[in-house]
Amino acid sequence: MIEQIQEYSQGVLSLAPAIVLGSGFSAAHGVPGMWPLGRHLRDLDIDPTWDSEETTQWAAFSDQIDVGVDLEAALGRARLSDRQTAKVVEATRTFLMPADLQAFNEMLADRKTFPLSRLYQHLFNSTHRTVDVVTTNYDRLAEYAADAGGFSHFTGFDYGHLQIRARDPRTRVHYGRDVARTVCVWKVHGSLDWFQDSFGQIIGARACLETPPTYAPVMVTPGIDKYRLTHGEPFRTIFGCSDAALQCARAYLCIGYGFNDEHVQPKLIERCETTAAPLLVLTKELTPTTKSFLARGRCGKYLALEEYAGGTRAYNTDNPNGIEIPGTAIWSLPNFLNCMLGDTT
């Protein structure tokens with residue numbers, strides 16, 4: 001089975017796949033996931049200026065978290081006001097920022113801390129000048145990994161300390177006449193370093209550890225307004241770029257992504273089901289949504305690897321119910337790369 005996995009995976013990597021990163025990828029680097037974030041939000045102080053309806057809705061949200069409802073569902077069931085939603089967004093940013101900065105410091109101490117850098121290096125060991133990454137994560141790990149690997153990255157904003165939105169998604173750094181190899185990171189739910197002022201102008205400001213006065217973070221959190229908010233900029237442009245990247249990709253590599261976001265997966269699923277574009281999924285635990293998608297039998301070529309009893313359980317068209325591979329944790333990105341590209345330890 002290992003030989004079969006290697007053959008399939010190396011075929012996917014040779015096609016320069018679009019990479020889709022979910023919260024499971026960031027969790028491996030210490031960034032809190034939805035569960036601890038939900039408990040953090042639940043424990044926020046109630047604002048004394050809230051009216052009775054706002055207090056009632058917040059209590060309902062907290063009760064949902066207490067009984068184990070996931071954050072996405074809990075916020076989706078509560079009808080939070082605009083100022084409550086703003087509180088959730090700011091608290092989310094404040095909660096995640098320390099882990100993001102810790103990952104950056106670890107990268108400064110060891111440029112090999114991100115296995116994603118090694119993946120970038122392998123994909124760029126070709127004629128390709130661009131690697132597309134689509135992510136629902138707010139953190140900047142994908143960008144840090146590009147920096148550590150010696151590559152440029154582009155998130156839809158111009159370069160500099162005060163970044164404005166780029167007019168052209170093909171904006172690139174040039175070395176003389178040569179276009180820099182660039183990782184395009186399409187952050188479909190926003191970023192820790194995007195802000196909007198009171199007039200609606202959006203900027204990128206990486207040096208801001210705290211939200212600047214009169215600005216608000218540009219991050220879309222779960223809730224009933226999630227899909228409405230993503231119809232505005234910068235998300236409309238980012239989704240266009242994300243869709244184009246997924247539409248054109250010849251293969252897909254999903255890392256820690258649970259197929260739970262209607263913003264990301266429609267193009268990916270359509271391509272996998274109608275053109276048999278190969279799909280490779282690496283995750284600690286396949287979500288019910290992922291299993292349901294694969295089980296309906298329309299995905300022509302796929303390999304999904306998840307943790308199982310210290311080893312790995314692999315799913316493909318020959319083994320739709322999974323087959324156990326004891327003693328080999330190749331579901332995790334570092335071990336997967338060692339298996340596919342050679343062990344560097």
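The values are calculated or read from the model by the stated rules, or taken from the named source; none is laboratory data. Just so we're clear, the structure is a prediction, and the values are computed from it rather than from any experiment. With ideal geometry, Cβ positions are generated from the backbone for all residues, glycine too; neighbour counts draw on all protein chains shown. The accessibility values were calculated without ligands, DNA or RNA, using every heavy atom of the protein model including side chains. Shrake-Rupley method; radii C 1.70, N 1.55, O 1.52, S 1.80 Å.
Assorted remarks:
- Euclidean distance of C-alpha centroids, the range 41-81 and the range 105-120, integer Å: 38
- The length gained on full extension between Met340 and Arg250, counted as 0.36 nm times the residue separation minus their Cα-Cα distance, comes to 30.5 nm.
- Bridgeable lysines around Lys267 (alpha carbons under 17 Å apart, same-chain partners fewer than 8 residues away excluded): Lys187, Lys301.
- Available extension along the chain between Ala91 and Thr287 is 67.9 nm, counting 0.36 nm per residue and deducting the alpha carbon span.
- Diffusion constant of the chain at 37 °C, which comes from Stokes-Einstein with the Kirkwood Cα-pair radius and 0.692 mPa s, µm²/s: 156
- Within the range 204-344, percent of DSSP bridges classed antiparallel, to nearest 5: 55
- Local electrostatic count at Pro212 - Lys and Arg +1, Asp and Glu -1, tallied over other residues with Cβ under 14 Å: -2
- Near-label residues of the range 57-88 by backbone N, under 14 Å of a point 7 Å along Cα→Cβ of Arg39: 65-71
- Taken per residue, the accessible surface of the chain reaches 47 Å², heavy atoms only and a 1.4 Å probe.
- Overall, the range 189-281 carries a charge dipole of about 200 debye about its Cα centre when +1 sits on the Cβ of Lys and Arg and -1 on the Cβ of Asp and Glu, all other atoms neutral.
- Max mean-square fluctuation residue, GNM over the chain, Cα-Cα springs under 10 Å, options Cys208, Cys241, Cys184: Cys208
- Counting only protein heavy atoms and a probe of 1.4 Å, the accessible surface of the range 201-267 is 57% carbon and sulfur.
- Per-residue [θ]222 nm for the chain (sum of -39500 (n - 2.57) over DSSP H runs n ≥ 4, rounded to 500): -12500 deg cm²/dmol
- Förster radius 25 Å - calculated FRET efficiency between His231 and Thr56, Cβ distance, rounded to 0.05: 0.30
- Looking at the chain, the DSSP beta bridges with both ends there are about 45 percent antiparallel.
- Between Ser292, Ser117, Ser198, the Gaussian network model of the chain with springs among Cα atoms under 10 angstrom shows the greatest mean-square fluctuation at Ser198.
- Separation of the Thr127 and Asp70 label points, Cα + 7 Å toward Cβ, nm: 4.2
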